[in-house]
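Take a look at the structure set out below.
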Amino acid sequence: MNATSTNDRAELERNKAVALRFKKYQGTKDMPRVEKEVLAPNYQRVRGGNFHLASNAHGQGWPEPGLYLRKAFPDRVDIIEHVIAEGDRVGLLFRLNATHTGNLFGIPPTGRKVDVYEVALLRIVDGRMVEGWFMMDEAELLRQLGAKLPVRNDGRIIAPPIPETGLPGDAMIEQMLREPRHTIEQHNKLIAARSKASAPIQDKATGYAQRRHGFQHLHDYGRKHGAAQQSLRAAFPDRHDKVDFLLAEGDQVWMKFQVHGTHDGSLYGLPATGKRVGVPEIGIAHIADGRWQDSWYFGDELGMLLQLGVPNLLFG
């Protein structure tokens, strides 16, 4: 199979540089100038990292956490762990390291240090960002702060809408099979997509490791309470995932998909509610010689808990 061409590689590296420059200068005195250079006039922030905390705080009159949360976390430092680029998309996986010294969407300062994951999926056209999608591990953020989701004045639970995007795994695979597969990356994407088929195929290498569960905190909660067998698959027997897109570079494949299902069984001790859920998840796989070497998943746990009506199940 052919590798990515030299011209394409240069373009991908330029796109990565734009994304990393945007991230590097957030919260600095140079931020306004850099934003003018890297953000397109029609830039659209599709989703913010603290989507649920912000939605819960809307209209409550609580102090603003500041641009890029710099009032809540003035010493914020983001540590980049992975960068991937394909076409006009760039993915960043990073960890927010900071001390909570300002109000955060209604949570008073705790003085606690936090270290939580966030993922950014960006579209960059002609050297400028036109779209940004972010998801922070808000469930872990609350846990590290020792805080519950602040109670709104109207007592409402603001659950995210169930997404309507994406294709079922079989349909995504069928679409991919109609396209030429000239590169290793295209082949690896197809291997990853097969994990979402109605009859999943996941060729795992000897020594394969799943480094993180998509709903890791629920998984840990279940083990702690002796209900590890009451997994998502058991709780949502009709679970079906819809794939939005895949990115591949070298032996790394990222997949953005939506987890759908009806809560008809106990979920780590939470009795069935009959409610439907639909939340985003990111999967990161390393595939070499046609075999999965390892995988890492990150799902929107707080979004699912809000949809189930139990936002504070994991933390208190």
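Reducing the range 109-172 and the range 204-282 to their Cα centroids gives an inter-centroid distance of 16 Å. For the chain, with only Lys/Arg (+1) and Asp/Glu (-1) charged at the beta-carbon, what is the dipole magnitude about the Cα centre, in debye rounded to 20? It works out to roughly 720 debye.
Considering only 255, 120, 182, the residue lying farthest towards the positive end of the dipole of the chain is 120, judged by Cα position with unit charges set on Cβ. What number comes out for the charge environment of residue 46, summing +1 per Lys or Arg and -1 per Asp or Glu over other residues with Cβ under 11 Å away? Summing Lys/Arg as +1 and Asp/Glu as -1 gives +2. Set against the labelled values [x] 30, 59, 11; [y] 24, 41, 28, 6, 0; [z] 34, 59, 7, P(r) over Cα pairs in 20 Å bins from 0, in percent computed from this structure falls on [x]. Averaging Cα coordinates gives a centre for the range 12-59 and one for the range 81-105; these two points are 10 Å apart. Which one of 229, 296, 280 is farthest out on the positive end of the charge dipole of the range 167-308, using unit charges on Cβ (Lys, Arg +1; Asp, Glu -1) and the Cα centre as origin? The residue sitting farthest along the positive end of the dipole is 229. Pairs from the list 23/189; 204/224; 23/256; 71/242; 24/204; 29/113 with a Cα-Cα gap above 31 Å: 71/242; 24/204. Charge tally for residue 102 (other residues, Cβ to Cβ under 15 Å; Lys, Arg +1; Asp, Glu -1): +3. Taking the Cα centre of the range 167-308 as origin and assigning +1 to Lys and Arg Cβ atoms and -1 to Asp and Glu Cβ atoms, the resulting dipole is close to 320 debye. The residue among 313, 217, 111 whose Cα reaches farthest toward the positive pole of the charge dipole of the chain, with charges on the beta-carbon of Lys, Arg, Asp and Glu, is 111.
When only the Cβ of Lys, Arg, Asp and Glu is charged (+1, +1, -1, -1), the dipole of the range 6-145 relative to its Cα centre reaches about 380 debye. Only DSSP H runs of four or more residues enter the estimate; each adds -39500 (n - 2.57), and after division by the residues of the chain the mean residue ellipticity at 222 nm equals -7500 deg cm²/dmol. The alpha carbon convex hull volume per residue for the range 43-166 rounds to 124 Å³.
FYI, it's all coordinate maths here, none of it is from the lab. Just so it is clear, the model here is predicted, and its values are computed rather than measured. Using ideal geometry, Cβ is built from the backbone for each residue, glycine included, and neighbour counts are taken over all protein chains shown.
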